[in-house]
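Engineer: Here you go, one structure.
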Amino acid sequence: MDGFSNLQLADVADAGGYDADLAQLADLSALRRMVREQRAVFENAPVGIAVTQPDRIRSFNPRAGEMFGFAQDEVGSIAPAEVCASPEDYEALIREAFAVLAGGGLFEKSEQQFRRRDGSSFWARLRGCAVEPGNRDAGTIWIVEDVTEARQAMSEVQAIMTNASIGIMFTRNRVIRRANPAFCQMFGYAEDEPLGVSTRVIYPDETAYRQLGAEAYPQLADGRPFTTSRTLVRKDGTPAWVQMIGYQVNAKDPDKGTIWMLEDRTRERSDEQSLREALMENRAILDNAVLGIAVVEGGRTLHCNRKMEELFGAPPGGMDGIAVRSLYPGHASWKEARELSGRQFASGQAHMAEHEMVRRDGSRFWARLSGRLFDLAQASGRSVWLVDDVTAQREAADAILRARDELEVRVAERTAELAGANALLQEEINERRQAEARVHHMAYHDSLTGLPNRAMLSERLDAAMRVVASGDAPQQGQQLALMFIDLDRFKNINDTLGHMVGDQLLRNVALRLVTAVRPSDLVARLGGDEFVVLMPGIAGKGDAAAVADRIIDALSLACQIDGHSLHISPSIGICLYPDDGVDVETLMRHADAAMYQAKAAGRNNYQFFTERMNLAAARHFELESSLRGALAREEFALYFQPIMCTETRRPRALEVLLRWRRDGALVGPDEFIPILEESGMIMEVGEWVIRSACVQAMQWQREGLEVVPLAINLSARQFTHQGLVDSIRAIVDETGIAPGLVEFEITETALMQHGGQTLEILRQINAIGMCLSIDDFGTGYSSLAYLKRFPVRKIKIDRAFVRELEASTEDRAIVAAVMALANSLQLSVVAEGVETEGQYALLRSFGCQYAQGYLFARPLPAEQVASLLAG
């Protein structure tokens, strides 16, 4: 701000915002009266007014002195920079203000921080105009309005909206103007990301978007709330069942926008229950309007600024001399306001209250009135009034309250409905919950041993690392250990004695591991004969070594299974956090590398990770390098396992299996196929498999053998390849095979990974005439709705459900349910992993059409299949 010289009364009139046309004053007495009025406005205005020059504050009214803590006798001794929060703030304000004032404009700033004489600070709305534009020495008039409390109130309102537990969005013309964190979280957006975006983004399609608009906005325009429940979509495309309540901020003025309250009811809808969450409390935030100012005496206005005239819809000068009573909608409201202000003025207080006012055209609005007497000794004398339109804020607050009340009523109604549900419905819900709990348990636990699986291990490991990293771990437990355990000689036992013995051995190992570790440790199974132990809260290697010794002792004892005395030993790799890695992937890789070092060191021991021992990575690299030339070296071969008709026990199809013979030895498919997928080589090798299988089928046909369909596995990675369908068509044309002799199998997990893309590819393959089936059905946690969408003709029950079919009533119930589902959808069913006559008999009793497993035949090379087809 600038300094000032003696304040001219005419300048004060401009500072108060009043237009006084001196040329029209009739005589000197009228001029003197106008000057006195302007001086009275300056002295009694409820806002601070000051006149400055570059180096000093020339004058200020009592309100400004009260704001800044200066006495009137200090005028002229105060530099403008003293009242700013800092010299930098002062310099920035001067540059910003005089860029406007120099051109004769009116400078306005909604918030500026100032400093009082006692050092405390406050926030104010600031307006200024130059006495003579372009001449800073002539002075600048400033109007300062303390907005500290209003600013605090705005912060509190923002906090309420931020912390609301339900989604709230404010729209105008169906464009999102404001959205609280709960809304962003509900739909998967970052903070402020949806602002300025059409609400079309949360609807599944254009039809749904238009339909809601057609239903909601006519009702909202009538002033009635609109309530509905719809399927909306999150940013990632997933659906959400959302209860919506909309309110027009002002039914008479739709352009003021709409408030929407949204609650995610997806879980309640699927479980047929309500979450009973009902706390919607917020209000729309509108900018503070520029204040209207009026001088009142004897119940009539003497002078009003232009903003006052705009508020009441009057032309310039049209507010001067009118009765204040005419600004109120009725005598009672005017009388109430007059009596309240009279009592406050009589006690020496300023008046501040909200009243309903009426414009010239008869429309009403709510205003916040602030009034102060010119002379406190004359309670009925002249006064100055500030008027601010607060209609929007009140309407928004009322709308939120109505929305909250409406939602509470809706929740109460829904609660009453649920309370009156009959016992049968409750039983069905309980059964569904139990089924979902079982499925959820399967998602986080190994189906064979009941131990946590890789998913749970990753979550627990990540959480344990965060505890250590945050410093919340006990002083004696500032590290954690991760153990990889591989069972030596397990593969030989499994291959020699069969999967049933191998599975029982794995269950026995799991029990021994849980017994050997500490109560706070987590034992998980990754698959096959690989186990992992997570040890949080250890002091160092000694703690981990002690547990590893107990594990070795526990697993070294012979296991008695089906009359066999089985001996195994563990190879254990150990790494520590944070010494050996700071993320889940690195720790898992390093523990695996240490485990391979333990195997290389003679097995039945444990090794701690060192940077030199990453043998697992070397093995992976070695296999990947060798795989890149395997196709050219003709190291791949096809094996075939028959799929038998359960009625005739004759082959009805052959599953095509890829084998790799490297350096004269077969490499397990579980070892090299993941590398093919990770490296992308699965595209080329997969095409070779399809072509070679078709060529072999045509060879059998030329030899006069009965050719049955070939079931070829397609990996999830192949479905990301744009040329898959074209490649299949080319192979059919090239080999001349009938499309009906080719079936493609895709796992349930792969089916769910790329739903939309997979659906289109499967439809194209189906259109060629090839059969499609879902492999490992029941392990992918898919929605039955998806099953109906895909053009599949066959499902394969995973061996996990067949393995315990004779002993487990739960597995029998699952298989029976799958059969019922397949029959209702007219799908064929193949049971995998059939190894006993008992399993075979049960499957036949369930109506299963096809079976596959060691009971009938192991995977065979092509030359042995020919004799099977001929017989």
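The values are calculated or read from the model by the stated rules, or taken from the named source; none is laboratory data. It should be emphasised that the depicted structure is a prediction, and the values quoted were computed from it without experimental measurement. As a convention, Cβ positions derive from the backbone with ideal geometry for all residues, glycine included, and neighbour counts pool all protein chains shown.
Engineer: Output the qualifying pairs, or none if there are none: Cβ atoms under 6 angstrom, residues six or more apart or on different chains, first residue in the range 84-98 and more than 19 Å from ARG117 (Cα to Cα), second residue of a type in the set (Asp, Glu) and exposed (fewer than 13 other Cβ atoms within 10 Å of the Cβ).
Structural biologist: Filtered contacts from the range 84-98: no entries.
Engineer: Does THR449 satisfy being modelled with pLDDT of 80 or more and either under 30 Å from ILE538 (Cα atoms) or under 30 Å from the mean Cα position of the chain (by Cα) (or both)? Quick ask: steps written out before the conclusion?
Structural biologist: Values: modelled with pLDDT of 80 or more: yes; either under 30 Å from ILE538 (Cα atoms) or under 30 Å from the mean Cα position of the chain (by Cα) (or both): yes.
So THR449 passes the test.
Engineer: In the set GLY680, GLY668, which member is under 29 Å from LEU869 (Cβ atoms), out of contact with any Cys (no Cβ under 7 Å at 6 or more places or on another chain) and loosely packed, with under 14 Cβ neighbours inside 10 Å? Outline the logic, then answer.
Structural biologist: Numbers: GLY680 fails: under 29 Å from LEU869 (Cβ atoms).
Result of the check over GLY680, GLY668: GLY668.
Engineer: Do you know which of the residues in the range 839-871 that are surrounded by fewer than 20 Cβ atoms within 10 Å (Cβ to Cβ), outside any loop (DSSP other than H, G, I, E, B) and in contact with a Pro (Cβ under 9 Å, 6 or more places away or on another chain) is modelled with the highest pLDDT?
Structural biologist: Step by step, filter the range 839-871, then rank; the result is LEU860.
Engineer: Still on this structure: Do any helices (runs of 4 or more DSSP H) lying entirely in the range 1-76 carry at least 2 residues that are among the charged types (D, E, K, R), under 22 Å from VAL387 (Cα atoms) and at pLDDT 75 or above, and which ones are they? Outline the logic, then answer.
Structural biologist: On the way: elements: 9-15, 28-44, 62-68.
Helices (runs of 4 or more DSSP H) meeting the threshold: 28-44, 62-68.
Engineer: Related question: If we only count helices (runs of 4 or more DSSP H) wholly inside the range 258-368, which ones have 3 or more residues that are surrounded by fewer than 16 Cβ atoms within 10 Å (Cβ to Cβ) and either modelled with pLDDT of 90 or more or not assigned by TED's automatic domain parsing to the domain that holds ILE400 (or both)? Spell out the reasoning first.
Structural biologist: Details: elements: 266-271, 306-311, 331-346.
Here the list reads 331-346.
Engineer: Select from the range 469-507 the residues that are β-branched (Val, Ile, Thr) and modelled with pLDDT of 90 or more and list them in ascending order. Walk me through how you get there before you give the answer.
Structural biologist: Of the range 469-507, the ones β-branched (Val, Ile, Thr) are 485, 493, 496, 501.
Once the filter is applied, which keeps residues that are β-branched (Val, Ile, Thr) and modelled with pLDDT of 90 or more, the range 469-507 yields ILE485, VAL501.
Engineer: Continuing with this model, one more query. Within the range 397-422, work out how many residues are under 20 Å from GLY223 (Cβ atoms) and either aliphatic (A, V, I, L, M) or in contact with a Phe, Trp or Tyr (Cβ under 7 Å, 6 or more places away or on another chain) (or both).
Structural biologist: Summing the residues that are under 20 Å from GLY223 (Cβ atoms) and either aliphatic (A, V, I, L, M) or in contact with a Phe, Trp or Tyr (Cβ under 7 Å, 6 or more places away or on another chain) (or both) in the range 397-422 gives 8.
Engineer: Consider the range 634-654. How many of its residues are of a type in the set (Lys, Arg) and in a loop (DSSP other than H, G, I, E, B)?
Structural biologist: Taking the range 634-654 and keeping what is of a type in the set (Lys, Arg), we get 649-650, 652.
Next, from what is left, pick out any that are in a loop (DSSP other than H, G, I, E, B): 649-650.
The qualifying residues number 2.
Engineer: Okay, next question. What pairs come up if the first residue lies in the range 443-469 and is in the same structural domain as GLY527 (by TED's automatic domain parsing), the second is part of a helix (DSSP H, G or I) and of a type outside the set (A, V, I, L, M), and their beta carbons are under 7 Å apart, counting only those six or more places apart or on different chains?
Structural biologist: Matching pairs, first to second residue: LEU448/ASP503; LEU448/ARG507; THR449/ARG507; PRO452/TYR444; ASN453/TYR444; ALA455/TYR444; MET456/TYR444.
Engineer: Here is a further query. Can you find a residue that is over 30 Å from PRO194 (Cβ atoms), among the small types (Gly, Ala, Ser) and in contact with a strand residue (DSSP E or B) (Cβ under 9 Å, 6 or more places away or on another chain) anywhere in the range 137-148? Show your work before the answer.
Structural biologist: Going through the range 137-148, the residues over 30 Å from PRO194 (Cβ atoms) turn out to be 137-146, 148.
Now narrow it down to the ones that are among the small types (Gly, Ala, Ser): 138-139.
Remaining after also requiring in contact with a strand residue (DSSP E or B) (Cβ under 9 Å, 6 or more places away or on another chain): 138-139.
The answer is yes; a qualifying residue exists.
Engineer: Only one of these conditions is not met by VAL83: (1) crowded, with 16+ Cβ neighbours inside 10 Å; (2) within 45 Å of the chain's Cα centre (by Cα); (3) under 23 Å from GLU149 (Cα atoms). Which number is it?
Structural biologist: (2)
Engineer: I'd like to know if the range 655-662 contains one or more residues that are assigned to a loop (DSSP other than H, G, I, E, B) and in contact with a helix residue (DSSP H, G or I) (Cβ under 8 Å, 6 or more places away or on another chain).
Structural biologist: Step one: list which residues in the range 655-662 are assigned to a loop (DSSP other than H, G, I, E, B), which gives none.
For the range 655-662, residues assigned to a loop (DSSP other than H, G, I, E, B) and in contact with a helix residue (DSSP H, G or I) (Cβ under 8 Å, 6 or more places away or on another chain): absent.
Engineer: Follow-up. Is there a residue being of a type in the set (Gly, Ala, Ser), surrounded by 18 or more Cβ atoms within 10 Å (Cβ to Cβ), modelled with pLDDT of 95 or more and out of contact with any helix residue (DSSP H, G or I) (no Cβ under 7 Å at 6 or more places or on another chain) anywhere in the range 548-559? If you could, list the steps in order and put the result at the bottom.
Structural biologist: Within the range 548-559, the first condition is being of a type in the set (Gly, Ala, Ser), and the residues that meet it are 548, 554, 556, 558.
If we keep only those that are surrounded by 18 or more Cβ atoms within 10 Å (Cβ to Cβ) as well, we get 548.
Now narrow it down to the ones that are modelled with pLDDT of 95 or more: 548.
Okay, now just the ones that are also out of contact with any helix residue (DSSP H, G or I) (no Cβ under 7 Å at 6 or more places or on another chain), so 548.
Yes - at least one qualifying residue is present in the range 548-559.
Engineer: Here is a check on your reading of the model: is PHE114 touching a Lys or Arg at 6+ places or on another chain (Cβ under 8 Å) and not in a loop (DSSP other than H, G, I, E, B)?
Structural biologist: Details: touching a Lys or Arg at 6+ places or on another chain (Cβ under 8 Å): no; not in a loop (DSSP other than H, G, I, E, B): yes.
Here the answer is no, as PHE114 does not meet what is asked.
Engineer: Within the range 370-385, restricting attention to residues that are surrounded by fewer than 18 Cβ atoms within 10 Å (Cβ to Cβ) and among the aliphatic types (A, V, I, L, M), which residue is modelled with the highest pLDDT?
Structural biologist: LEU376
Engineer: Considering only the range 636-652, how many residues are at positive phi and buried (at least 21 other Cβ atoms within 10 Å of the Cβ)?
Structural biologist: Narrowing the range 636-652 to residues at positive phi: 649.
Still in the running and buried (at least 21 other Cβ atoms within 10 Å of the Cβ): none.
Adding up the residues that qualify gives 0.
Engineer: Looking at (1) in contact with a strand residue (DSSP E or B) (Cβ under 7 Å, 6 or more places away or on another chain); (2) in a loop (DSSP other than H, G, I, E, B); (3) on the phi < 0 side of the Ramachandran plot, can you tell me which one LEU631 breaks?
Structural biologist: Evaluating LEU631 over (1) in contact with a strand residue (DSSP E or B) (Cβ under 7 Å, 6 or more places away or on another chain); (2) in a loop (DSSP other than H, G, I, E, B); (3) on the phi < 0 side of the Ramachandran plot leaves (1) as the failure.
Engineer: Applying the selection to the range 511-554, what residues are of a type in the set (Val, Ile, Thr) and within 16 Å of ARG454 (Cα to Cα)?
Structural biologist: Initially, the range 511-554 is screened for residues of a type in the set (Val, Ile, Thr), giving 514-515, 517, 523, 532-533, 538, 547, 551-552.
Selection gives VAL523, VAL532, VAL533.
Engineer: Does GLY105 meet the test of being on the phi > 0 side of the Ramachandran plot and either touching a residue at least 40 places away in the same chain (Cβ under 8 Å) or small (Gly, Ala, Ser) (or both)? Walk me through how you get there before you give the answer.
Structural biologist: Numbers: on the phi > 0 side of the Ramachandran plot: no; either touching a residue at least 40 places away in the same chain (Cβ under 8 Å) or small (Gly, Ala, Ser) (or both): yes.
Judged against the criteria, GLY105 is not a match.
Engineer: Another one. Quick test for you: out of GLY381, GLY342, GLY321, GLY348, pick the one residue that is over 54 Å from the mean Cα position of the chain (by Cα) and over 21 Å from ARG300 (Cβ atoms). Break it down stepwise before answering.
Structural biologist: Details: GLY381 fails: over 21 Å from ARG300 (Cβ atoms); GLY342 fails: over 21 Å from ARG300 (Cβ atoms); GLY321 fails: over 21 Å from ARG300 (Cβ atoms).
Checking each option against the conditions leaves just GLY348.
Engineer: Do the conditions hold for CYS184, that is, is it outside the structural domain of PRO87 (by TED's automatic domain parsing), on the phi < 0 side of the Ramachandran plot and touching an Asp or Glu at 6+ places or on another chain (Cβ under 8 Å)?
Structural biologist: Values: outside the structural domain of PRO87 (by TED's automatic domain parsing): yes; on the phi < 0 side of the Ramachandran plot: yes; touching an Asp or Glu at 6+ places or on another chain (Cβ under 8 Å): yes.
So CYS184 passes the test.
Engineer: Looking at the range 79-99 only, could you name the residues that are in a loop (DSSP other than H, G, I, E, B) and modelled with pLDDT of 85 or more?
Structural biologist: So in the range 79-99, the residues in a loop (DSSP other than H, G, I, E, B) come out as 79, 85-86.
Correct list: SER86 only.
Engineer: When the range 135-176 is examined, which residues are found to be within 28 Å of PHE68 (Cα to Cα) and polar (S, T, N, Q)?
Structural biologist: Within the range 135-176, the subset within 28 Å of PHE68 (Cα to Cα) is 135-157.
Result: ASN135, THR140, THR148, GLN152, SER155.
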